[in-house]
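The values are calculated or read from the model by the stated rules, or taken from the named source; none is laboratory data. Every value quoted in this text rests on a predicted model; they were computed, and no experiment measured them. Here the Cβ positions follow ideal geometry from the backbone for every residue, glycine too, while neighbour counts run over all protein chains shown.
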Amino acid sequence: MAKEPIVTVRNLVKAFGSFRAVDNISFDVFPGEIFGFLGANGAGKSTAIKMLIGLWRPSSGQATIAGFDIYRDTEKIKKSIGYMSQKFSLYTDLTIRENIRLFGGIYGLDRASIKRKTEELLDQLQMQKYATAMIHDLPLGWKQKLAFSVAMIHEPKIIFLDEPTGGVDPITRRQFWELIYAAAAQGTTIFVTTHYMDEAEYCDRISMMVNGKIAGLGTPDELKTGFDSSDMDEVFIKIAREGEVMI
Amino acid sequence: MNKPIAISAETLIKSFKGTKALNEINLEVIEGEIYGLIGPDGAGKTTLIRILCSLLFPDSGEVKVLGLNPVQDMKALRRKIGYMPGRFSLYHDLSVEENLNLFARLFETSIKENYHLIRDIYQQIEPFKKRKAGALSGGMKQKLALSCAMIHRPDILFLDEPTTGVDPVSRKEFWEMLGKLNRNGLTILVSTPYMDEAAQCSRISLIQKGQFMATGTPAEIINSGSEKYYSIKGDNKYDLLKATRNFKTCQSVYAFGSSLHYTDQKVEFEPSELGRFLNEKGFGDVEIEAIEPGIEDRFMTLMKNG
């Protein structure tokens, strides 16, 4: 059963002068896993993610993403991953169809695939009727779903979601998590950050960062038991405020 | 003896390009309250706060803030209110101290004169007072913005999503600061997309698509519906969710942290029936029990009903 990890991180460090934003972190993520990457503001999450997606070069340590080395294969990494941030990164003055086509092109799909994918996505999202609507006229929940689908258009093995549900209403937020579950069930690996602690419960495993280090790593149940807490909120507070550590 | 009304708005309407950002809002905030506007992005929270702060004019409706009309008495009103916008709006290339000084002088006061008001908050960033505001961490920027909004001793403090994108621990600390300011007599109107923050407010309105879906104390809103809520616990949450949705009288079922929350179409719903149904679908250990809803449950029910 022991699957090969799709993300391996060993002793990864990013230093800015004497300050270690990411201080010797190690973990694995497995295919199809929903991996929650949590931590306080300024704990080093964004810095870690920027190294993992090949944007920033680490100071030391090793990591591979989908088998590619984060020092040498940064271009290959970018082709194997999807990325969606809170800002949704769609072009607001293009239509839904134009956005899908544009991102298909950016991710290197050929014409035929783009055409097929566009129809597939419009059907899946039930947006056929609105294909020519401008992004800026769409409700937030739609933009979010579309941004997610567009980030998956090249069928990446792993997708990075950076606070994908910030500010979204509670029903849309849950619908979005169903998209995440569906993608994971298809075998896509999900790497997600969130400030909603109920969403931490929806992850298969969670890492919690404090001051550049991983202070807790495990399933939600393991963390709750390990920190003697009734919910993830309590776990987070014990780790981030009171400096408890479980390894 | 009734306490005076700090803010009132009647049938307030504001449209942008034909879309009603605010659709007949009625609001009353009593002096000394912490009043929460709870709702997602795009619900109308910012538009409402900006109208109350005299930064936007309403299309129609009656507005009074501290007895003043934000349109006609704009100048007088602005001296009496503090406003912390959602986006960091201080001068990035001025230092912490220069920003605070600027705000104090704009309002013809000084840091020294009103230091006691901001002491608890400002002390935490004072060691960095020579640092440029743009180089502060998120949490420190927030404390500086709050200090700047308070330095002229406002009678009401308006905060537009002060905790959005902030981690749970920093959010908790921020609310502790607000609680303290409030206990010292400050009236506070605050907006947030985080439903769990409702519990920190004396009264709240749930806002969605430019309308208030409910108004009251958090307890009143929790107890206002006739729906009964149940939690369902079991393995394989996502599959359990999909299976439960197919139960014949299921009204709604949503993931809520480690469990699912469920409401049924029928008043005489029997949890054991759902239990049997789930057993038959292959879910062994399923626990179903009646629960008291939270604000988020109520918000979702009201959204669906609306």
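A few comments on the model shown:
- Test: B:A6 is out of contact with any Phe, Trp or Tyr (no Cβ under 6 Å at 6 or more places or on another chain) and within 14 Å of chain A (Cβ to nearest Cβ): no
- Selection status of B:E296, away from chain A (no Cβ under 14 Å), of a type in the set (D, E) and under 24 Å from the mean Cα position of the chain (by Cα): no
- Test result for A:L161, surrounded by 20 or more Cβ atoms within 10 Å (Cβ to Cβ), more than 9 Å from chain B (Cβ to nearest Cβ), assigned to a helix (DSSP H, G or I) and not aromatic (F, W, Y): no
- Any hit, the range B:78-95, residues being among the hydroxyl-bearing types (S, T, Y) and closer than 20 Å to B:F212 by Cβ: no
- From the options B:L278, B:L260, residue that is among the hydrophobic types (A, V, I, L, M, F, W, C) and under 25 Å from the mean Cα position of the chain (by Cα): B:L260
- Residue ID - nearest to the chain's Cα centre (by Cα), chosen from residues in the range A:114-127 that are in a helix (DSSP H, G or I), under 20 Å from A:Y91 (Cβ atoms) and not charged (D, E, K, R): A:L121
- When each of B:P40, B:P58 is tested for being more than 14 Å from every other protein chain (Cβ to nearest Cβ) and under 24 Å from A:H136 (Cα atoms), the lone residue that passes is B:P58.
- Search result, residues across the range A:195-247 that are touching an Asp or Glu at 6+ places or on another chain (Cβ under 6 Å), under 18 Å from A:G44 (Cβ atoms) and not charged (D, E, K, R): A:H195, A:G212
- Only a single criterion out of (1) more than 14 Å from chain A (Cβ to nearest Cβ); (2) buried (at least 19 other Cβ atoms within 10 Å of the Cβ) is not satisfied by B:H92, namely (2).
- When residues of the range A:16-50 are limited to those that are more than 17 Å from A:Y202 (Cβ to Cβ) and of a type in the set (D, E, K, R), the one nearest to the other protein chains (Cβ to nearest Cβ): A:K45
- Unmet criterion (only one of (1) touching a residue at least 60 places away in the same chain (Cβ under 8 Å); (2) in contact with a Gly (Cβ under 8 Å, 6 or more places away or on another chain)) for B:I221: (2)
- Strands (runs of 3 or more DSSP E) contained entirely in the range B:153-247, each with at least 2 residues that are surrounded by fewer than 18 Cβ atoms within 10 Å (Cβ to Cβ) and within 13 Å of another protein chain (Cβ to nearest Cβ): B:229-233
- Total residues in the range A:83-101, condition in contact with a Phe, Trp or Tyr (Cβ under 7 Å, 6 or more places away or on another chain) and within 25 Å of A:L52 (Cα to Cα): 2
- A:R97 being assigned to a loop (DSSP other than H, G, I, E, B) and modelled with pLDDT of 95 or more: no
- Restricting the first member to the range B:265-285 and to residues that are farther than 16 Å from B:D235 by Cα, and the second to residues that are outside any loop (DSSP other than H, G, I, E, B), the beta-carbon pairs closer than 7 Å and six or more apart or on different chains are B:Q265/B:Q251; B:P271/B:Y230; B:P271/B:I288.
- Selection of the range A:181-228 for residues being within 13 Å of chain B (Cβ to nearest Cβ), of a type in the set (D, E) and out of contact with any strand residue (DSSP E or B) (no Cβ under 9 Å at 6 or more places or on another chain) yields only A:D221.
- Taken as a whole, the structure leaves A:R241 outside the set of residues that are more than 10 Å from chain B (Cβ to nearest Cβ) and surrounded by fewer than 22 Cβ atoms within 10 Å (Cβ to Cβ).
- Failed criterion for A:F68 (all others in (1) of a type in the set (F, W, Y); (2) within 30 Å of B:Y238 (Cβ to Cβ); (3) in contact with a Pro (Cβ under 8 Å, 6 or more places away or on another chain) hold): (3)
- Within the range A:137-153, residues that are closer than 24 Å to B:T19 by Cα and away from every other protein chain (no Cβ under 14 Å) have Cβ atoms under 9 Å from residues that are in a helix (DSSP H, G or I) and of a type in the set (D, E, K, R) in no pair, counting only partners at least 6 apart in sequence or on another chain.
- Candidate set: the range B:270-293, residues that are surrounded by 18 or more Cβ atoms within 10 Å (Cβ to Cβ) and outside any helix (DSSP H, G or I); chosen: the one nearest to the other protein chains (Cβ to nearest Cβ): B:P293
- Checking A:R174 against (1) over 30 Å from A:V13 (Cβ atoms); (2) facing chain B (nearest Cβ under 8 Å); (3) not in a helix (DSSP H, G or I), the condition it does not meet: (3)
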